[in-house]
Amino acid sequence: MNTWIEKQRHLIDFTLASLARRKGKNLGLLFIYTLLVFVLASVALYTHALRTEAQKVLAGTPEIVLQRLVAGRHDLIPPGYIEQIGRIRGVQKKEGRLWGYYYDSVVKANYTFMAPRDLKIERGEIIVGPALERSRGLAAGNGISFRSYSGELHTFIIADVLPQNSELVSADLVLMHEADFRAFFKYPEGHFTDVAMSVANPQEIKNVAIKLMDSLPDSRPILRDEVLRTYASIFDWREGIMLALLSAAILAFGIFAWEKAAGLSAEEKREIGILKAIGWETGDVIKMKFWEGLLISLTAFFAGYVAAYLHVFHFDAILFESVLKGWAVLYPRFTLPPHIDGLQVATLFFFTVFPYTAAVLVPIWRAATTDPDTVMRG
Amino acid sequence: MLELTNIRKAFNQGRHNEYWALDGIELAIPEKQVTALRGPSGSGKTTLLTILGCLARPTEGRVRLKGEDISGLPERFLTEIRRQTFGFIFQQFNLVRGMSAIDNVILSAYPTGRPRKDLLLKAESLLAGVDLGHRRDAKVEWLSGGEQQRVAICRALINDPELLIADEPTANLDTRLSKEFLAILERLADSGRTIVLTSHDPMVVESDVVDFIVSLRDGKIVDEK
Amino acid sequence: MIFQPAIIALLLAAGLSLFMLLVASPFAVQVIRHWDIASGSEQQLKLERLTYLFSTLVAFVCLVQILAALLFVFNADKMSVMFVGAMCAVGALNVNAYGFPALYLQLALFFLAALWLAINHADSRARDYPLVKLKYLLLLAAIPLFGLSLYLQLQYFLGLKADVITSCCGSMFSTDAPTLASEMSALAPQPALLGFYGTIAAAVLLSAWHWRQRGDLSGYAAGLGSLAAFVAAIAGILAFVSLYIYEHPNHHCPFCILKPDYDYQGYWLYVPLFAAAAAGMSAGALRCFSRRPSLVHVVPQFTARLAGIAALGYLLFALVASLMIWRSNLILLD
């Protein structure tokens, strides 16, 4: 056992010295390898963080949201509609919600206006999200005017700014009193945008939804779990598409690694010939090359992953934020909660180390089976 | 020590340019003696030396090392035997450039897994024995031809071989260095090692160090004395 | 199909493994037909050189299979959020009929790969490579299995539809469902506990015996003991070890213990268990060759070492399981 360990130490020693002797070639490979890991890891870390963020955000939303449809389009909930639902077993709370979009031509962005039930806001006052605070240069106590769709100018005092920590959803939010909301949008009295319901037992949600469809055929219940699943699969899908696009890069990297491993310089060939002649066996050379591959792979993997981690969590993924995230004009500026996931690291490993190893296997074997008598044949 | 029976070695077997580099060699290498192989180029000297040194397997025939038949052994075991029994000195020295003299010396002991500390001690004493103690950390490409060969000799001795194989050892040395080499050779022979070498050089072949001369021509032994 | 990185990675691993073996198969046929160790012909030398490529390649494929098995379970667990009713890997694997067969085959490939590597190791230490033809026959025979594995995984992943309502570990390992898994879960804790410790102790002792004694009888006994202990260990995890970890009298799931919610405790159980089972069973299988003249000295030494690994692995497994039971707040037995 000790001789085995000692032997591996010798092989690693030799490998390190041999890598150092060919710095140029190996640094090139290491750089490209690291770059590949960096890009893939950035995609993975970023989408994963978005997914967790979305899950965290949705965790606070109601289990079921009921919309009314007219001709297949979302329409307002008329007065008395909620009462029609009547009592459904398992539904703890149901309430109408008021919210809508407002286009601000000054900064050319959409805001979400909302009249919350559980937050006390005085008439004439609003609470705004952090993105609004930035784009319009607002602070608590300032006044702001919005021109409503009917052409009137409404002025509000900013009572407060929402905290940063859940900026992904709250960035473009404007909260106001119900009466202000109805006045601003000329929203008919007694009407609501949709109905939020909370259901305590997760097993019951599906049944509640079926009962809702029965009693209100023109309604569309939206289940939180379904939204979660859709989000999860959309993020997965985006990540998958990115990977599919990047698979060309992985393939190119594989070919590059093959080239590098197959295109041994005359000097390297001579070295392997010498080793074979003075008592190294094919297996020893393969082991030596295996250590070489492992050292390069681990270095590249570690460096690439750390760089990607810094890129995503400390530099806000500046390189491809717009590809993976955005659909709104007001980009939420948020720092994702750092998160490392075992499955993700394992997957990344499969996408990088596995193709590399597969690509260099045959060239390594070719080199290692150099006949020991070649050095004597000049 | 080494016995060859009816050794034949083919190259490009089964193709139109097939040729037999060795054809029916019968040879016994006596223990603790110096045997020289000589012959014109293309006579099969080097091929015979590779088979004697277990660097290659014969296409046909038997090789016995101390009575044990080793001709059918796969490379893995042949290499093990070679490492334990043989030391090699090549015409081109074949040192790994970019590594220090001492690292080159211990290189052929790596697969044995002996502790590095022991190897370094051993290599130091070997280098000191050929007056290279002060050059141990010099990169081999900065050494002179004679020094390089002495490093190569140390490398051949690191695993304590019973048998030394040298291929044209003086081909790259001038007369003075060749004389030095012969002195070292004599010391090695006196220490009880079996030595087989090939050479064109009359200075080597006709020196008193050599006990037996085997002459080859066209893959056959034509003379032994 | 759900387009997801881990799934692509798994399919890539299965596909590339199969591809490499397929590319290698003509050479395997050559080895089987033309291998003649006594010959020094150039063809024989070429074949000998090729064996190095195969050993490296198969070792690589085996390593990939081990990692893929882990990734497969890991991924199933992660996917469970997408299916109604699925709370862990069991639910995700139950989404269609291919999930569990794919997992079982993946595990079977892991053991086969380990056995092949063990045979390869023993063979390459005998001076005449006595098992070389057998090795390559086994390799050819395994190719359809690798193909089947790829097929099952493809069917499984293609058949994943997020709107399927699946049943999860609660129903599969509940004590009144009529499946083998639930039979195991339904074992009363006390006899299960006795069977668990009894079988594992037997395996440890038999392996240790073989480690000392190195004979044929003890070798086969250690192999069979390892097999029995593997079954007993899985049954034990289902029947009571999992309960202690979850601290819940009815949660019999072998996968949830791998989750971060339970501090990945499952890996402490499964890694020594699978290592011990692979080593022990390989030791038993290798005894079949102990009478070959050139293996007479190689096999006993190697199987003894494998048995040593098996004994240590099972011992470690039993200790870890006991520690988990001891630390738990759940009381099943007085």
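Every read-out reported here was derived from the displayed coordinates using simple, explicitly stated rules and does not represent laboratory data. Small disclaimer: the values here were computed from a predicted structure and weren't measured. Backbone-built Cβ (ideal geometry, glycine too); neighbour counts: all protein chains shown.
Observations, loosely collected:
- Whole-Hz couplings from phi, Karplus 6.51/-1.76/1.60, listed for segment B:103-109; x for Gly and Pro: 5, 5, 5, 7, 4, 7, 9
- Put a dot 7 Å past the Cα of A:Arg117, heading toward its Cβ, do the same for B:Asp23, and the two dots end up 10.5 nm apart.
- Between A:Arg97 and A:Thr193, A:Asp194, A:Val195, A:Ala196, the built amide H atoms are under 5 Å apart, and every one of these is 5 or more places off in sequence or on another chain.
- Residue of A:Ile234, A:Ile296, A:Ile85 that the Gaussian network model of chain A assigns the largest fluctuation, springs spanning Cα pairs under 10 Å: A:Ile85
- The stretch between B:Ser144 and B:Ala183 holds 12.2 nm of extra length on full extension. This uses 0.36 nm per residue minus the Cα-Cα distance.
- Longest DSSP-loop-exposure-free segment, trypsin sites (Lys or Arg not before Pro), chain C, at most 14 other Cβ within 10 Å: C:1-160
- The convex hull around the C-alpha trace of segment B:2-224, projected and averaged over every direction, spans 12.5 square nanometres.
- Inter-label distance, B:Asp211 to B:Arg97: 4.0 nm, where each label sits 7 Å from its Cα along the C-beta direction.
- Rounded, prolate or oblate (a/c below 1.5 giving rounded, otherwise prolate when a/b exceeds b/c) for segment B:176-220 by Cα gyration tensor: oblate
- Here is how the number arises for chain C: DSSP H runs of 4 or more residues each give -39500 (n - 2.57), the sum is divided by the residue count, and the result at 222 nm is -24500 deg cm²/dmol.
- Per-pair calculated FRET efficiency, R0 = 51 Å: A:Phe302 and B:Lys66 via Cβ, rounded to 0.05: 0.50
- Ranking of A:Val106, C:Val231, B:Val96 by neighbouring Cβ atoms within 10 Å, starting from the fewest: A:Val106, C:Val231, B:Val96.
- Filter on A:Lys94/A:Lys120; A:Lys287/B:Lys45; B:Lys9/B:Lys32 - keep pairs with C-alpha separation over 30 Å: A:Lys287/B:Lys45
- Calculated [θ] (222 nm, deg cm²/dmol) that DSSP helices of n ≥ 4 give over chain A, each run adding -39,500 (n - 2.57): -18000 deg cm²/dmol
- The alpha-carbon positions of segment C:1-167 define a convex hull whose volume is 93 Å³ per residue.
- The alpha-carbon of C:Lys78 sits under 21 angstrom from the alpha-carbons of these lysines, leaving out residues fewer than 8 places away in its chain: A:Lys56, C:Lys161, C:Lys259.
- Karplus-derived 3J(HN,Hα) values for segment C:246-253, using 6.51 cos²θ - 1.76 cosθ + 1.60 with θ = phi - 60°, are 6, 6, 8, x, 10, 9, 9, 10 Hz; glycine and proline are entered as x.
- Euclidean distance of C-alpha centroids, segment A:251-298 and segment B:124-169, integer Å: 26 Å
- Modelled FRET efficiency - R0 22 Å, C:Arg305 with A:Thr3, Cβ distances, 0.05 increments: 0.90
- FRET E, pair A:Val227, C:Asp216, Förster distance 51 Å, beta-carbon r, rounded to 0.05: 0.20
- Prolate/oblate/rounded label for chain C (Cα gyration tensor, a/c 1.5): oblate
- Helix-derived mean residue ellipticity, 222 nm - over chain B, DSSP H n ≥ 4, -39500 (n - 2.57), to 500: -9500 deg cm²/dmol
- Aspartates and glutamates whose Cα lies under 20 Å from that of A:Lys211, excluding same-chain neighbours fewer than 8 positions away: A:Glu63, A:Glu83, A:Glu95, A:Asp194, A:Asp225, A:Glu226, C:Asp163
- Convex hull volume per residue, computed on the Cα atoms of segment A:9-156, equals 314 Å³.
- Highest-fluctuation residue, A:Gly90, A:Gly72, A:Gly304 considered, GNM on chain A with Cα pairs under 10 Å: A:Gly72
- What separates the Cα centres of segment A:124-193 and segment B:74-120 is a distance of 80 Å.
- Sequence-distant aspartates and glutamates (8 or more away, or on other chains) whose Cα lies within less than 15 Å of C:Lys133: C:Asp36, C:Glu48, C:Asp123
- Cα gyration tensor category, rounded, prolate or oblate, for chain A with a/c compared to 1.5: prolate
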